[in-house]
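Notes for the one structure printed next.
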Amino acid sequence: MVRRFLPLLLLLSFVGIAIWALTAEREEQVRSKLVGQPVPAFALEPAIEGKPGLSSADLAQSEGPRLVNIFASWCLPCKAEAPLLDALAGEGVPIDGIAVRDRPSDILAFLDEHGDPFERLGNDPRSEAMIALGASGVPETFIVDGRGVIRYHHQGPLMPADLPALRAAWEEAR
Amino acid sequence: MRKLLFVIGLGLSLPLAAQGSLAPADYANRQLEDAGQEARAAALMEELRCLVCQGQSIADSDADMAGDMRHLVRERIQRGESPAEIRDYLIERYGEWVSYRPAPERPIFWPLYLAPVLLLLIAGWMVRRRFRRPRP
Amino acid sequence: MIAEFAHGALWLAAALCLMQLGLGVAALRGEQAISRAIRPIAAIQALLVVTAFAALIWLFWRTDLSVALVAANSHSAKPLLYKIAGAWGNHEGSMLLWLTVLTGSGALFAAFEKRLEARTMAASLAAQAAIGIGFFAFLLLSSNPFERLNPSAVEGKGLNPLLQDPGLAFHPPTLYLGYVGLSVAFSLAVGAMLTGSVGSALARAMRPWVLGSWIFLTAGILAGSYWAYYELGWGGYWFWDPVENASLMPWIAATALLHSVGVLAARNALKAWTMMLALIGFSMSMVGTFLVRSGILTSVHAFAVDPERGAFILFLLTFYIGAALLIFGWKIGHVRDSEPFEPVSREGALVANNLLLSVILALVFIGTLYPILAEAMGEQISVGPPYFNTVIGPLALILALLLFVGPKLRWRRGGPLFSPLGIAGLLLSAAMLVITFLLGWNLTILERLGLSIAPGLALASLAPLWGRNLLRTPAPITGMVVAHLGLAVLLAGMAAESGFTKERLVLARPGEQIEVGPWTMEFEGTRPVAGPNWTAVEAELRASRGSGPVLLKPQSRYFSSPPTQTSEAALATDWDGQLYAVIGQGSESEGWQLRLWWKPLVTLIWLGGFLVTLGGLIALIGRWWGEWRRRRRLAGSGYRERRAW
């Protein structure tokens, strides 16, 4: 008797999964699995003249936590998050940048227009550092603590609403 | 996720909002000279998922990021890394999501690989009385 | 005016649909007289919906920008064919198309099915009306295609350029005919279970609908696959993408049903199983529609995705499938099945066919949905071609081996397992296997087995014609043989494409020569070209191998509304394969990015698919013809067939 209603049970489990998929807050992007791990090795040439490039060694021997921002001059959301990064830099938060698939002249124009929050700025023409960090697009932002361990990963542009979580992670990374 | 998505073929027709004006990486669209290496790279690229696309392998995607990943794969193969090492390198970063081949050694995939065996057993059990025993 | 008129027609049709349900239920409860009214109601209802659909096409044809749907999906500067195809190239229009097919097949069924017992007929028409009401509600309440725009738009937004392709213009309607045609089998199963009349007569009534749907599904999948092959420019034809799987699942269910309904018709056996498959067939159509429309799975073919509408479809499918499965659980215990089968018999082979197809169907279903399940458990994963090929490939090959013996076996009796042609086919396959090793072909196991099995299967599939007068062979048998032969051809094509394809990626300057497999291709240069609503860079490639050269002209197209870039692959077909060229980015100074493939025997995939579809058509037309002749004979002998009601 029960067996004859088995197909109905299968249907209901499918419907359950489907309802979950329709209603749950689902990840739209692929999270980096490296949170909690040391920054993988990479060494990037300076992206523009007059500013040092960025390597994992720089991040490992830092005084305290640092923000690492992956961006590009051709990316629209990066323009949207620029004012917030500028404000953070103004507060004294050390920020390093990785410019993905970009040209020095374009980066300079971008920094001129949207402000320059970066202490170091590495050039990543082949997305190697971006992939090494487990980022899947631009912009993305990492918090790396003083020992060079990745503590936080944010995908997409940083918006004011994201600040509390970012600050909490920052305090924890100190 | 709950916002109204009205996407028509988003993955296929890349909007012209540029993904950067830089020329593609060396090995994004160029094959390795060694045919054996290229074959290994090509097989792996078919099984790696493009991170910014709507479900395409990096071999099939026109996205710049997919091009950079193809470059990474070919370059590492050329350096002598095995496809398994490269796959692991990417899985370490992006999780199993990046690989189209479910790894049989991970418990999360056991149901997938048990399914065919289980289903065949169930099927066999279902018809056990449908057939007459072969006459002696 | 036309829009309002069409909208009114839809409401009227919905009311008639409700009436059909009421009358059907009344007839089921014994009010025999009432049931006479159902047939005309079904017909008028279909007529109204067809009128509304024709009106929508007319509005798109005229690019009436005061209609919101037209403004959102069309453009005055679009070629006529795509203006018309634009009518169903969007959510609202495609739902109207769905309803058109649903009511249309309901009307055809009501008009032409005359042999089925009256109560079962009434119950089935009631079930068909019940399905119709849900989709009428969906269309009229949440996706009205005739909504006006005030003020009307100045210009339309255009149709996605990738969809502006003759193959794709007809791919959705074809698939829909298949999807929705299965609703008749579904309704028949529900009706027969309610009246407890599951048997050969029911199977004979169901068979043409299953066969017809199956033909459309096959053709629709082939069209979609060929479209992906030449339009996407990746050289592949099947990616195991969720949307592709969504169209494959109803096809697998319909294939299984097609075979089991034969057993039910001939042996009055496999009753519960056939009813289950009939329910699964249309269920898979609805599940597929839900997966595609809800966007819960990431797909390259994401089309008109909208979670809210997905929720509506989910509600409908839960209700219909749930109700049908309840009826199944409640009624199927009363259905008595036949004696056990002889293991070596036609029905035995068909049971094996059904089990394998069902396992394959379940695996496609599980593999497609598993990423969501894993995500619910907190892991992001992908299940892609390596999995599907690994688990489904071997099962498909076992099915192919079954075909060496199955079609020639006799009903009921045990007997010799192999026919002469079956043995010959097996020997040929074994020889082919040895040859692949002797020639040192570097192939995967599946490719090697596929290439070996295919020629033997082609030979063995002819076995049912052995010893028959070809002119007098019943059409259903000829059709079956052609379809099975097509499978062998298809298998050969898939294995060869996978094993022998040569790919070249180059950055080439004009004048350069590129070797692709046996071909030498000379890159002559590029030139700008313009179409009605696009501009393009066109490359000219001269390919030769000994014989005269072939010209290939791949394009990189730029559409302005909406702004999109697409690549138009160039194909050159020779007797033993296809050359495939795609042009990517580049410039005169740097050179152009070219992707070139030589795909030996890939044409067999399309030829095989064509044969499979043709086989279905032959069988269907043959059965119609036979039925028609039977009626003529009865009429000629002075006997008036008594209408069942």
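Please list, short to long, the whole-number percent of alpha-carbon pairs of region C:1-159 in consecutive 10 angstrom bins beginning at zero. The percentages, shortest bin first, are 12, 38, 26, 15, 8, 1. A DSSP coil position with no more than 16 other Cβ atoms inside 10 Å describes the following GluC sites (Glu not before Pro) in region C:546-617: C:588, C:590. Taken over region C:214-347, the convex hull of the Cα atoms encloses 126 Å³ per residue. Dividing the radius of gyration of the alpha carbons in region B:35-126 by their Kirkwood radius gives 1.10 for Rg/Rh. So how far apart, in nm, are the two label points at residue C:466 and residue C:502 if each is 7 Å from Cα heading toward Cβ? With each label point 7 Å from Cα toward Cβ, the separation is 4.0 nm. Taking only the alpha carbons of region C:91-132, we obtain Rg and Dmax values of 11.9, 38 Å in that order. If R0 is 45 Å, the Cβ-Cβ spacing of residue A:45 and residue A:80 corresponds to a FRET efficiency of close to 0.95. Entry note, chain C: the mean residue ellipticity at 222 nm calculated from DSSP H runs of n ≥ 4, each adding -39500 (n - 2.57), is -21000 deg cm²/dmol after division by the residues and rounding to the nearest 500. Taking neighbour Cβ counts within 10 Å as the exposure measure, how do C:377, C:19, A:159, C:286 sort from fewest upward? With the fewest neighbours first, C:377, C:19, A:159, C:286 line up as C:377, A:159, C:19, C:286. Return, ordered by residue number, the residues of region C:184-201 whose backbone nitrogen is under 20 Å from a label point located 7 Å along Cα→Cβ of residue C:411. Hits in region C:184-201 for residue C:411 at 20 Å: C:197-201.
D by Stokes-Einstein for region A:29-173, Kirkwood Rh over Cα pairs, 4 °C, 1.567 mPa s: 88 µm²/s. The distance separating the Cα centre of region A:145-174 from that of region C:572-604 comes to 48 Å. Annotation note: GluC sites (Glu not before Pro) in region B:28-85 located in DSSP loop regions with a Cβ neighbour count of at most 12 within 10 Å are B:33. Please give, to one decimal in nm, the separation of the simple spin-label points placed at residue C:148 and residue C:401, each 7 Å out from Cα toward the Cβ. Placing both labels 7 Å along Cα→Cβ, they lie 6.8 nm apart. In this structure, the residue pairs whose Cα-Cα separation is over 19 Å, taken from C:553/C:599; C:271/C:331; C:114/C:271, are C:114/C:271. Shown is the FRET efficiency for residue A:171 and residue C:330, computed with R0 = 45 Å from the Cβ-Cβ distance and rounded to the nearest 0.05: 0.15.
Kirkwood Rh, Cα Rg: Rg to Rh for region C:71-204?
Over the Cα atoms of region C:71-204, Rg/Rh equals 1.11.
Tilt of helix A:104-114 relative to the longest C-alpha principal axis of chain A, in degrees (0 to 90, nearest 10)? The angle comes out near 80 degrees.
Filter the trypsin sites (Lys or Arg not before Pro) in region C:339-431 down to the DSSP loop ones having no more than 11 other Cβ atoms within 10 Å, then list what survives.
Working: sites: C:346, C:408, C:410, C:412, C:413; in loops: C:410, C:412, C:413.
For trypsin sites (Lys or Arg not before Pro) across region C:339-431 that sit outside H, G, I, E and B with at most 11 neighbouring Cβ atoms in 10 Å, the list reads C:413.
How much net charge surrounds residue C:150 when only the other residues with a Cβ under 14 Å from the Cβ of residue C:150 are counted, with Lys and Arg +1 and Asp and Glu -1? Combined, the nearby Lys, Arg, Asp and Glu give -2. Beta bridges from DSSP with both residues in region A:1-156: antiparallel share about 60 percent, rounded to the nearest 5. Take the Cα radius of gyration of the protein assembly as shown and divide it by 2.2 N^0.38 Å, N being the number of residues; the result is 1.01. In chain C, Rg over Rh equals 0.99, where Rg is the alpha-carbon radius of gyration and Rh the Kirkwood radius from pairwise Cα distances. What order do you get for C:334, C:7, C:171 when you list them from fewest to most C-beta neighbours inside 10 Å? Exposure proxy ranking, most exposed first: C:334, C:7, C:171. With equal scatterers on the alpha carbons only and no solvent term, can you work out the Debye log10 of I(q)/I(0) for region C:502-600 at 0.17, 0.22, 0.23 1/Å? The Cα Debye sum returns log10 ratios of -0.71, -1.09, -1.17. Of the residues C:294, C:76, the one with the fewest other Cβ atoms within 10 Å heads the list, and the complete ranking is C:76, C:294.
Read the figures in this text as sums done on the coordinates, not as results from a lab. Computed from a predicted structure; not experimentally measured. Please note: Cβ atoms are built from the backbone with ideal geometry, for glycine as well, and neighbour counts cover all protein chains shown.
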